[in-house]
């Protein structure tokens, strides 16, 4: 299911029933995981823990939105974590070292992510550098630039208005990062399902040759996708910097792996052309619940790394087997 609405399909099914059929396994896995964790620790289902968990997974939610765009067109972006670090440090440096206003600093942070994505898109579209290589190179460039901008040290931001972006609360005392995530998910779903570019993104990932003969500008789609991914990662980096009161060049290492895991768990096919935003967010919840539950049970962080690696392996294997069956 991609751009379908609640209309009946040729088989007499609604899009909702198709969605439930395609995602029943991961939804059941999420429910079972929540039940087991609630039995293992009394603090898991408390409102404070749930709000804290949702606030923490907001960063992965935005990176997963970015990653799923790249995967849907048949690519990948392994530099997302570095863009998070770069945007956060650029924003912090602009406020603390150069005395810029918060809107100007945020614009510069978002611009840094957009430029990283633009560079990726240009190299992939025009030079035909494989997405993995292009984004790996940009990962090193962005991470190195973050270290240079801060002299490899965290840059403290004492402006309370900036901190409120990450730690503030909105309606009904819901943390702002959760509200950002909800808005981002809705906007991405509308973009993919209701716009011409969204349809082009699915068509390029499904069959690039057919899309080209249909008149789709492949290069434009690749550039738009990577710029959008860079901006999404940059926004996540700014919110994370606001939560930490500082821009830290070493932050978000390995975050792109969580985004890949969440995307694949959510049914975003690694072969491209398939996947939905809601399914990807279920994958984000699975990763977030797993991490939160292991922390509550005081599981050694090294075991958590192993568990995350196994989740990624199982998710990718399941995707490969599913595609082989098709």
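The values are calculated or read from the model by the stated rules, or taken from the named source; none is laboratory data. What you are looking at is a predicted structure, and each value in this text was computed from that prediction instead of being measured. Counting neighbours? That spans all protein chains shown, and the Cβs are built from the backbone with ideal geometry, glycine included.
Here are the numbers:
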{"item": "Any hit, the stretch 275-285, residues being closer than 13 Å to residue 77 by Cβ and in contact with a helix residue (DSSP H, G or I) (Cβ under 7 Å, 6 or more places away or on another chain)", "result": "no"}
{"item": "Test: residue 145 is part of a helix (DSSP H, G or I) and farther than 19 Å from residue 245 by Cα", "result": "yes"}
{"item": "Given (1) surrounded by fewer than 21 Cβ atoms within 10 Å (Cβ to Cβ); (2) modelled with pLDDT under 95; (3) under 19 Å from residue 68 (Cβ atoms); (4) in contact with a helix residue (DSSP H, G or I) (Cβ under 7 Å, 6 or more places away or on another chain), index of the condition residue 212 fails", "result": "(3)"}
{"item": "Meets criteria (in a loop (DSSP other than H, G, I, E, B) and under 16 Å from the mean Cα position of the chain (by Cα)) for residue 260", "result": "no"}
{"item": "Selection status of residue 6, modelled with pLDDT of 75 or more and either part of a helix (DSSP H, G or I) or exposed (fewer than 12 other Cβ atoms within 10 Å of the Cβ) (or both)", "result": "no"}
{"item": "Hey, residue 160 surrounded by fewer than 17 Cβ atoms within 10 Å (Cβ to Cβ), within 28 Å of residue 54 (Cβ to Cβ) and in contact with a strand residue (DSSP E or B) (Cβ under 9 Å, 6 or more places away or on another chain) or not", "result": "no"}
{"item": "Residue check for residue 239: outside any loop (DSSP other than H, G, I, E, B), farther than 21 Å from residue 204 by Cα and at pLDDT below 90", "result": "no"}
{"item": "Which listed residue is within 24 Å of the chain's Cα centre (by Cα), over 26 Å from residue 204 (Cβ atoms), modelled with pLDDT of 95 or more and surrounded by 13 or more Cβ atoms within 10 Å (Cβ to Cβ), from 86, 80, 65, 69", "result": "86"}
{"item": "The stretch 292-318, subset buried (at least 19 other Cβ atoms within 10 Å of the Cβ) and at pLDDT below 90, residue farthest from residue 52 (Cα to Cα)", "result": "315"}
